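This report refers to the structure that appears directly beneath it.
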Amino acid sequence: MKKFFYLWGPVFIFAGLVFIVSSMSMPGKEAPFPLFDKAAHVSEYALFSILLFRALNGSLRGSSFLFLSIITIVITLAYGISDEFHQSFVPSRSSDIKDLAADGIGALLAMTSVFIKRRIFSSEHVHEQRR
């Protein structure tokens, strides 16, 4: 049970924070820079994807990276869809397909980063073993 909370606790906490923030009515504040909202979505869902991938990787030992990445992206997009749907009911908030696209870009960037990190560290490990 301890392992479950270690792996999945951060995912549920982060998803809960996203839900809470999405529940808040936002006054018409001016963004600090153009496309700030989209950059926030990319960052938020990239982090969510990394936490989710970590939990899935720890729970589904032996699964391929490709399988885990696809599942991570699908779950991330499903949560993004539910978040946009939820926001459609919040006063002064709206649902936006461009936000969902930014969520997907965040998930893809996260999985690409994890892939690159794994390739770099696995090639370093191979080089270490050859010495």
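The values are calculated or read from the model by the stated rules, or taken from the named source; none is laboratory data. Predicted, not measured: the structure shown is a model, and the values here were computed from it. Note that we place each Cβ from the backbone using ideal geometry, even for glycine, and neighbour counts take in every protein chain shown.
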Check: Does Ser49 meet the test of being touching a Ser or Thr at 6+ places or on another chain (Cβ under 8 Å) and either free of Cβ contacts under 8 Å to residues at least 24 places away in the same chain or outside any helix (DSSP H, G or I) (or both)?
Finding: no
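Scan segment 79-122 for residues that are β-branched (Val, Ile, Thr), surrounded by 11 or more Cβ atoms within 10 Å (Cβ to Cβ) and part of a helix (DSSP H, G or I) and jot them down. Walk me through how you get there before you give the answer.
Step one: of segment 79-122, the residues β-branched (Val, Ile, Thr) are 81, 90, 97, 105, 112, 114, 116, 120.
Next, from what is left, pick out any that are surrounded by 11 or more Cβ atoms within 10 Å (Cβ to Cβ): 81, 90, 105, 112, 114.
Within segment 79-122, Ile81, Ile105, Thr112, Val114 meet the criteria.
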Note to self: Just to be sure I understand the filter: pairs with C-beta atoms under 7 Å, separated by 6 or more residues or on different chains, first member in segment 34-45 and among the β-branched types (Val, Ile, Thr), second member surrounded by fewer than 18 Cβ atoms within 10 Å (Cβ to Cβ). Which pairs pass?
What the structure shows: Val42/Ile105; Val42/Leu109
Next item on the list: Please verify whether segment 36-45 includes one or more residues that are out of contact with any Leu (no Cβ under 9 Å at 6 or more places or on another chain), crowded, with 22+ Cβ neighbours inside 10 Å and within 28 Å of Lys3 (Cβ to Cβ).
Entry: no
Next item on the list: Return yes or no: is Ser49 under 17 Å from Asp103 (Cβ atoms), of a type in the set (Ser, Thr, Tyr) and modelled with pLDDT under 95?
Entry: no
Next item on the list: Please find, among Val18, Val42, Val11, the residue that is assigned to a helix (DSSP H, G or I), more than 18 Å from Ile105 (Cβ to Cβ) and in contact with a helix residue (DSSP H, G or I) (Cβ under 8 Å, 6 or more places away or on another chain).
Entry: Val11
Notebook entry, point to check: Looking at segment 46-67, which of the residues that are among the hydroxyl-bearing types (Ser, Thr, Tyr) and out of contact with any Leu (no Cβ under 8 Å at 6 or more places or on another chain) is nearest to Leu108 (Cα to Cα)?
Noted result: Ser49
